[in-house]
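The values are calculated or read from the model by the stated rules, or taken from the named source; none is laboratory data. Because the structure is predicted, anything quoted here is derived from the model rather than measured. Here Cβ is always computed from backbone atoms with ideal geometry, including for glycine, and neighbour counts include all displayed protein chains. SASA here: full protein model, heavy atoms, side chains in, ligands and nucleic acids out. Shrake-Rupley method; radii C 1.70, N 1.55, O 1.52, S 1.80 Å.
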Amino acid sequence: MDPYLIAAPAVAAAAAGLLAYAGRYPDSKIFGPAITHTNSPRKLAVTFDDGPNPTMTPKLLDLLDRHKVRATFFVIGKFARQHPELLRETVARGHVIGNHTESHPNLFWSSASQTRDELHRCHDAITSALNAPPKFFRPPFGWRNPWLAAAARELQLRVVTWTLLPGDWRAPTDDWLIDRMQSISDHAKSAASQAHATTSALGDILCLHDGGHRAQNTDRTHTLAALDRCLPRWRDLGLEFVTMNEAVSTPAL
């Protein structure tokens with residue numbers, strides 16, 4: 001048997017695995033640079049995808065106000081056009097708005113022109129609502145492609161992934177989601193125990209959702225309830241809640 005015929009399936013599988021890693025793994029830089037952590041173990045960036053959501057986003061903004069937390073919201077362009085007042089309210093309360101594409105496609109399967117169009121249309125929706133362009137972009141589902149870096153660079157956007165994606169969109173209970181976010185507390189305790197050691201440890205970026213990409217008015221009550229319990233715990237552990245602007249600024253000492 002031809003040895004090349006034997007090797008071909010293994011080569012194809014390896015190539016497929018590399019593409020999947022490049023496109024989806026949060027720490028991958030193969031398809032361009034990405035912010036994957038905050039720059040200090042004391043900094044926690046709480047982020048939300050798929051809004052604005054008129055049912056949930058106002059409640060979430062009130063909750064964040066109560067806990068004195070500033071966050072980053074990656075919004076979908078078509079929803080931003082429907083509710084530009086929610087973007088303005090979000091920024092007025094001290095939060096940051098980021099680009100999450102126009103319609104939330106899986107960019108891994110998008111062409112160069114489709115990728116550019118998705119970023120530009122969302123960029124225009126945000127800029128129209130706020131009179132200022134976004135600085136950050138999060139790819140839907142975390143999937144990237146070889147054309148994303150150029151499209152983001154054209155709009156001066158920095159790509160952001162995450163360290164923790166707990167799956168709040170499928171949370172059956174508050175406790176289920178709280179358990180899935182336990183690693184944040186664990187990391188905070190570890191950072192505190194090493195406070196006097198020389199370390200280059202980085203901090204967490206938490207990816208939650210205030211909306212749903214398929215339709216408006218998606219229920220996210222488990223997300224709100226879990227955060228209401230977790231935010232004070234995380235602060236007591238010494239974590240500082242930061243927007244993406246602050247996540248990449250000079251680390252806390």
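Assorted remarks:
- Out of Pro33, Pro58, sole residue that is out of contact with any Cys (no Cβ under 9 Å at 6 or more places or on another chain) and either buried (at least 19 other Cβ atoms within 10 Å of the Cβ) or closer than 20 Å to Leu130 by Cα (or both): Pro58
- On inspection, Ile6 fails the criterion of being at pLDDT below 95, part of a loop (DSSP other than H, G, I, E, B) and either within 23 Å of Thr163 (Cα to Cα) or out of contact with any Lys or Arg (no Cβ under 9 Å at 6 or more places or on another chain) (or both).
- Filter result for the condition that a residue is in contact with a Pro (Cβ under 8 Å, 6 or more places away or on another chain), among the β-branched types (Val, Ile, Thr) and more than 14 Å from Asp50 (Cα to Cα), over Thr127, Thr115: Thr127
- Elements of the type helices (runs of 4 or more DSSP H) sitting completely within the stretch 141-203 and holding at least 1 residues that are touching a Gly at 6+ places or on another chain (Cβ under 8 Å) and β-branched (Val, Ile, Thr): there are none.
- Restricting attention to the stretch 212-227, the residues that are assigned to a helix (DSSP H, G or I) and open to solvent by 40 Å² or more (accessible area, probe 1.4 Å) total 2.
- Scanning the stretch 125-140 for residues that are in a loop (DSSP other than H, G, I, E, B) and under 21 Å from Ala45 (Cα atoms) yields a count of 5.
- Residue check for Ser110: among the polar types (S, T, N, Q) and open to solvent by 40 Å² or more (accessible area, probe 1.4 Å): no
- Of Ala226, Ala191, all but one fail to be modelled with pLDDT under 95 and out of contact with any Phe, Trp or Tyr (no Cβ under 7 Å at 6 or more places or on another chain); the exception is Ala191.
- Hits in the stretch 144-154 (condition: open to solvent by 20 Å² or more (accessible area, probe 1.4 Å) and in contact with a strand residue (DSSP E or B) (Cβ under 9 Å, 6 or more places away or on another chain)): Ala149
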